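Let me begin by presenting the structure, written as structure tokens, before commenting on it.
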């Protein structure tokens, strides 16, 4: 059996979500769905093995979620994001008590993406 977990994160502004997830973080839009042109957006974005669903639908999720992403290259990701000089987010790189680098990214809706790279 193969299992894949895809977090659903609440968003309130499509342009702001795209600026953050696509423009700054480098995710790509896999697909978008609206029941009609006046309905809320539901979309899937992905980047290097991380898949997220972003939803404007009330009740799909609650703002303030935290997604734990264990990966490699956290220090390099920090460097790349810092060099982009995104005016709404200047993340720090922290050494966690459990022996890992942590990079916390706060989206415009109160959600957090925690990228973690454990020390060898």
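The values are calculated or read from the model by the stated rules, or taken from the named source; none is laboratory data. On a predicted model such as this, the values are computed, not experimentally measured, just so you know. We place every Cβ from the backbone using ideal geometry, glycine too, and count neighbours over all the protein chains shown.
Here are a few things to note about the model shown:
- The residue pairs whose first member lies in the stretch 56-84 and is in contact (Cβ under 8 Å) with a residue 12 or more places away in the chain and on the phi > 0 side of the Ramachandran plot, whose second member is surrounded by 11 or more Cβ atoms within 10 Å (Cβ to Cβ) and assigned to a loop (DSSP other than H, G, I, E, B), and whose beta carbons are closer than 8 Å, counting only pairs six or more residues apart or on different chains, are 64/110; 64/111.
For every residue, the table says whether it meets (1) part of a loop (DSSP other than H, G, I, E, B); (2) more than 24 Å from residue 30 (Cα to Cα).
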| residue | (1), (2) |
| --- | --- |
| 46 | no, no |
| 58 | yes, no |
| 67 | no, no |
| 77 | no, no |
| 83 | no, yes |
| 88 | yes, yes |
| 104 | no, no |
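- Test for residue 116: is it closer than 25 Å to residue 16 by Cβ and either in contact with a helix residue (DSSP H, G or I) (Cβ under 9 Å, 6 or more places away or on another chain) or at pLDDT 95 or above (or both): no
- Pair list, Cβ under 7 Å, 6 or more apart: the stretch 93-114 residue on the phi > 0 side of the Ramachandran plot, other residue surrounded by fewer than 18 Cβ atoms within 10 Å (Cβ to Cβ): 99/118; 99/119; 110/63; 110/64
- Residue match in the stretch 31-38 (condition: under 25 Å from residue 86 (Cβ atoms), free of Cβ contacts under 8 Å to residues at least 60 places away in the same chain, surrounded by 14 or more Cβ atoms within 10 Å (Cβ to Cβ) and in contact with a strand residue (DSSP E or B) (Cβ under 7 Å, 6 or more places away or on another chain)): no
- Summed over the stretch 42-52, residues that are surrounded by fewer than 16 Cβ atoms within 10 Å (Cβ to Cβ) and either farther than 23 Å from residue 74 by Cβ or touching a residue at least 40 places away in the same chain (Cβ under 8 Å) (or both) total 1.
- Residues being free of Cβ contacts under 8 Å to residues at least 60 places away in the same chain and within 16 Å of residue 61 (Cβ to Cβ) - total across the stretch 7-30: 2
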